[in-house]
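What follows is a single structure, written as structure tokens, with notes after it.
The values are calculated or read from the model by the stated rules, or taken from the named source; none is laboratory data. Note that the coordinates shown come from a computational prediction; the quantities given were computed from them, not determined experimentally. When we count neighbours, we look across all protein chains shown, and the Cβ atoms used for this are built from the backbone with ideal geometry, even at glycine. What goes into the accessible areas is simple: the full protein's heavy atoms, side chains included, and nothing from ligands, DNA or RNA. Shrake-Rupley method; radii C 1.70, N 1.55, O 1.52, S 1.80 Å.
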Amino acid sequence: MKTLVLTFIAQDRPGLVEQLSEAVSAAGGNWLESRMARLAEKFAGIARVEIADEKVSTLKGALAALEAAGFTLTMEEAAADAASAGPLYGLDLLGPDQPGIVHDVSRCLSEHGVSVEEMETSIRHAPMGGDMLFETRAKVRVPPGLSEKNLRDALEALAGAMMVDITLREEDTAAGR
């Protein structure tokens, strides 16, 4: 069996997920997990599928047919999910929208060897005044040896400089990823 990661984007319309899942299923694949979202007028996603070695070429053919129907697709072979080292933390950010927020936060995390496992960002109107607020919800993996205090101090310094609120909390590892 092979584990594959598919990425896709298409003009949003009803039936996109059905078309993609039909291609995977018809080729004998098993859809394991995915993340999908509508952004602007596009629908984009990433999916992890499992398929027998001898069926990969069948899936490639089915995906090529979807590309002719307006999908942009990539398929990459992936290793089996290995356990990650270090604790998992939730990171939330809320503050006035400003250019560079994702870059500044991701640079701070990278400088400390922290890996982003999941990240979702959005903008919304502030309840009072109508200004735009930027919101981030992420799960980050902290490397062994980095203390929570050191990471928290770095994030608090960044939050102060950017005038945003950043919250860091340890995730419940018993519940899994």
If you check every pair at least six apart or on different chains, which have Cβ atoms under 6 Å apart with a residue in segment 154-167 that is more than 14 Å from TYR89 (Cβ to Cβ) first and a residue that is among the β-branched types (Val, Ile, Thr) and open to solvent by less than 70 Å² (accessible area, probe 1.4 Å) second? ALA159/ILE166
If you take the residues of segment 34-58 that are in a loop (DSSP other than H, G, I, E, B) and among the aliphatic types (A, V, I, L, M), which of them is least open to solvent (accessible area, probe 1.4 Å)? ALA52
Enumerate the pairs (first residue in segment 129-150 and touching a residue at least 40 places away in the same chain (Cβ under 8 Å) and of a type in the set (S, T, N, Q); second residue anywhere and open to solvent by less than 50 Å² (accessible area, probe 1.4 Å) and not in a helix (DSSP H, G or I)) with beta-carbon separation below 8 Å, excluding pairs fewer than 6 apart on the same chain, so at least 6 apart or on different chains. THR136/LEU91; THR136/ASP92; THR136/LEU93
Can you give me the ranges of the strands (runs of 3 or more DSSP E) entirely in segment 59-171 with at least 1 residues that are on the phi < 0 side of the Ramachandran plot, open to solvent by less than 70 Å² (accessible area, probe 1.4 Å) and of a type in the set (Phe, Trp, Tyr)? 88-96, 132-141
Residue hits (segment 1-30; out of contact with any Phe, Trp or Tyr (no Cβ under 9 Å at 6 or more places or on another chain) and open to solvent by 70 Å² or more (accessible area, probe 1.4 Å)) are MET1, PRO14, GLU18, GLU22, ALA26, ASN30
If you check every pair at least six apart or on different chains, which have Cβ atoms under 9 Å apart with a residue in segment 2-26 that is within 14 Å of PHE71 (Cα to Cα) first and a residue that is of a type in the set (Lys, Arg) and open to solvent by 40 Å² or more (accessible area, probe 1.4 Å) second? LEU6/ARG48; ILE9/LYS42; ALA10/LYS42; GLN11/LYS42; ASP12/ARG38; ASP12/LYS42
